[in-house]
Amino acid sequence: MPPSPTTAVAAFRITKGFGSGAARTMALKGADFTAALGELQLIVGPSGCGKTTLLSIIAGTLVPDEGKVLVLGEELTQMSKGRVTDFRRRNIGFIFQQFNLIPTLTLVENASVPLLLNGVPRSKAERAANAMLEQVGLAGRGQNYPRQLSGGQQQRVAIARALVHDPRLVICDEPTSALDRETGHSVMGLLKEVARKADRSVIVVTHDPRVYDFADRIAEMEDGRVLTNQLASPETLHALHG
C-alpha cells in the first residue's frame, strides 16, 4: 500500500549493520517506521537499540543495507548520493544534542548556513536568519557569538538554523539531554509549535522522559526493531513514565 499524502516518512524492513565478519553488529533488523505530517513524533528505547541509526537513515546520512525509505514522497534509497544531498539541504532541518554551532561565526551567521548552502544571497539569508532568531526569542542577539550564550540559548540558535530554510521535516537527536528541565520544556514547546503546521513533521530521538508529554505519537524501539508506533494516549504515556 502506498503511503498516505499525510505521511512524512515511511520506512520498510530497514536493516543496517556495522563492521564485518565475526565483528559485524546489526543496528537495525528489519525496522518499519512511519511519521505523519502535522505531528511531533518521539523515537524512544534503550541505548544501543538503533534509534540514532534509524534517524540517520531517514535523514539520508546513512544508507540502509536493505529496505525502502520514502521521505516526503521521495524514495531516498533510489537516489544518487548527490540527489540525496540536494534533497536533504532543501527539505530537512537538523537539531543535535551538542548544538554544533560554529564558534567563530556570529549567531546570525550560524543561522544563515542552510540558506547559504542553498545558494541564497548573503544579505537575504541574514535577514531571514535574524527574523528566525527573533521567533525563537533571541531578537537583537544576532551579532553575539555562541560562547556568549547559555546552553538553552545556544539550542534556540540551533533551532533557528534548522528552520530558517523552511524544511518540511525536522529531525532532532537528543535535543534536550544537555538542558535543565525548564529549558528543555521550552525547547520542546518550540518544536511542538513547529509540528502543528499541517505540511511539516518533527521527529525527536530521546532518552529524556521529561519530554514525553509533548509527543503526538511515540515509536518504541528495542534490539533494532520498532515494537510499537502509536498515538500518545494517556495510557501510552503512563506506561513510558513507568
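The values are calculated or read from the model by the stated rules, or taken from the named source; none is laboratory data. In this text the structure is predicted, and so the values were computed from the model without any measurement. Glycine gets a Cβ as well: all are built from the backbone with ideal geometry, and neighbour counts include every protein chain shown.
How many residues are assigned to a loop (DSSP other than H, G, I, E, B), of a type outside the set (A, V, I, L, M, F, W, C) and within 16 Å of Val170 (Cα to Cα) if we restrict to the range 53-97?
4
In the list Arg147, Arg181, which residue meets the criterion of being surrounded by fewer than 21 Cβ atoms within 10 Å (Cβ to Cβ), modelled with pLDDT of 90 or more and not hydroxyl-bearing (Ser, Thr, Tyr)?
Being surrounded by fewer than 21 Cβ atoms within 10 Å (Cβ to Cβ), modelled with pLDDT of 90 or more and not hydroxyl-bearing (Ser, Thr, Tyr) holds for just one of Arg147, Arg181, which is Arg147.
Take the residues in the range 102-131 that are of a type in the set (A, V, I, L, M) and outside any helix (DSSP H, G or I), then tell me which one is surrounded by the most Cβ atoms within 10 Å (Cβ to Cβ).
Step by step, filter the range 102-131, then rank; the result is Val120.
State whether one or more residues within the range 68-82 are at positive phi, surrounded by fewer than 21 Cβ atoms within 10 Å (Cβ to Cβ), touching a residue at least 12 places away in the same chain (Cβ under 8 Å) and touching a Pro at 6+ places or on another chain (Cβ under 9 Å).
yes
Any idea which residue in the range 18-42 is surrounded by the fewest Cβ atoms within 10 Å (Cβ to Cβ), counting only those that are within 29 Å of Glu193 (Cα to Cα) and in contact with a Phe, Trp or Tyr (Cβ under 8 Å, 6 or more places away or on another chain)?
Here the residue is Asp32.
Hey, Thr176 hits all of (1) among the hydroxyl-bearing types (Ser, Thr, Tyr); (2) buried (at least 23 other Cβ atoms within 10 Å of the Cβ); (3) in contact (Cβ under 8 Å) with a residue 40 or more places away in the chain; (4) in contact with a helix residue (DSSP H, G or I) (Cβ under 6 Å, 6 or more places away or on another chain) but one; which does it fall short on?
(3)
Those residues that are on the phi < 0 side of the Ramachandran plot and at pLDDT 95 or above, I need them from the range 3-17; list them, please.
Ala8, Val9, Ala10, Ala11, Phe12, Ile14, Thr15, Lys16, Gly17
Taking the range 132-144 on its own, how many of its residues are exposed (fewer than 13 other Cβ atoms within 10 Å of the Cβ) and assigned to a helix (DSSP H, G or I)?
Counting residues in the range 132-144 that are exposed (fewer than 13 other Cβ atoms within 10 Å of the Cβ) and assigned to a helix (DSSP H, G or I) gives 0.
Where the second residue is surrounded by 17 or more Cβ atoms within 10 Å (Cβ to Cβ) and of a type outside the set (A, V, I, L, M, F, W, C) and the first is free of Cβ contacts under 8 Å to residues at least 40 places away in the same chain and under 10 Å from Met132 (Cβ atoms) and lies in the range 108-122, which pairs have Cβ atoms under 9 Å and are six or more apart or on separate chains?
Hits for this filter: Val108/Glu126; Val108/Asn130; Val108/Arg141; Val108/Gly142.
Could you check the range 160-187 and list, in sequence order, the residues that are of a type in the set (A, V, I, L, M, F, W, C) and under 17 Å from Leu55 (Cβ atoms)?
Ala162, Leu169, Val170, Ile171, Cys172
Could you please let me know if Gly38 is in a loop (DSSP other than H, G, I, E, B), touching a residue at least 12 places away in the same chain (Cβ under 8 Å) and within 26 Å of Ala162 (Cα to Cα)?
Criteria met by Gly38.
Of all the residues that make up the range 193-216, how many are part of a helix (DSSP H, G or I), surrounded by fewer than 17 Cβ atoms within 10 Å (Cβ to Cβ) and within 15 Å of the chain's Cα centre (by Cα)?
Residues flagged as part of a helix (DSSP H, G or I), surrounded by fewer than 17 Cβ atoms within 10 Å (Cβ to Cβ) and within 15 Å of the chain's Cα centre (by Cα) within the range 193-216 amount to 1.
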